[in-house]
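Following: one structure in structure tokens, then a few remarks.
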Amino acid sequence: MASLNVGNLGEYLREQRRTAQLSLRQLADAAGVSNPYLSQIERGLRKPSAEVLQQVAKALRISAETLYVRAGILDERERDELETRAVILADPSINERQKQVLLQIYESFRKENGADTDDDGPRTADTSDAGPPSV
């Protein structure tokens, strides 16, 4: 069986599993996947679905987004944006309205800097009358 181009996902999973001091069988049981299937993922023979990666990430107590990036499912910049949003939404020290306002401001800054427009990096934007969105 030829190795699939899934980056270094398998090596990374093996490293995370060993760091967590879990056997292949223990991780497979915790993630709800078969032992042979997980072994094939680690060896780069299988490309797992996003759902399987999420189960494995949960079992390893690591970010599913990190696995998505390594598997080529998610772009690095998309992961950073998702993680930023998740941190804001998980913060217990601010209320729901404040979280939504903060996310709106974050999104307006991303748009202002061209984050959602192209892959060539930030654009220079006219900021003469730009400001945070009205709340």
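The values are calculated or read from the model by the stated rules, or taken from the named source; none is laboratory data. As the structure is a prediction and not an experimental result, all values here were calculated from the model. Positions of Cβ are backbone-derived with ideal geometry, glycine not excepted, and every protein chain shown enters the neighbour counts. In case anyone asks, the SASA skips ligands and DNA or RNA and just uses the protein heavy atoms, side chains included. Shrake-Rupley method; radii C 1.70, N 1.55, O 1.52, S 1.80 Å.
Structure summary
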| quantity | calculated |
| --- | --- |
| Scattering profile of region 38-79 at q = 0.15, 0.29, 0.35 Å⁻¹ [log10 I(q)/I(0), Debye over alpha-carbon scatterers] | -0.32, -1.06, -1.22 |
| Sparsely packed chymotrypsin sites (Phe, Trp or Tyr not before Pro) within region 7-96, loop by DSSP, other Cβ within 10 Å at most 10 | none |
| Estimated vicinal HN-Hα couplings, Hz - region 15-27 in sequence order (Karplus 6.51, -1.76, 1.60; Gly, Pro = x) | 4, 5, 5, 5, 4, 7, 6, 10, 6, 4, 5, 4, 5 |
| Residues of type lysines that residue 58 reaches as a straight line, Cα spacing below 20 Å, ignoring anything fewer than 8 places off in the same chain | 47 |
| Residue 106 paired with residue 29, simple spin-label distance in nm, labels 7 Å along Cα-to-beta-carbon | 3.8 nm |
| ³J(HN,Hα) computed for each position of region 82-98 - Karplus, 6.51 cos²θ - 1.76 cosθ + 1.60, integer Hz, glycine/proline x | 4, 5, 4, 4, 5, 5, 4, 5, 8, 5, x, 7, 10, 7, 4, 4, 5 |
| Probe 1.4 Å, protein heavy atoms only - accessible area per residue of region 1-88 in square angstrom | 59 Å² |
| With every protein chain in place, region 1-117: carbon and sulfur % of accessible area (1.4 Å) | 49 percent |
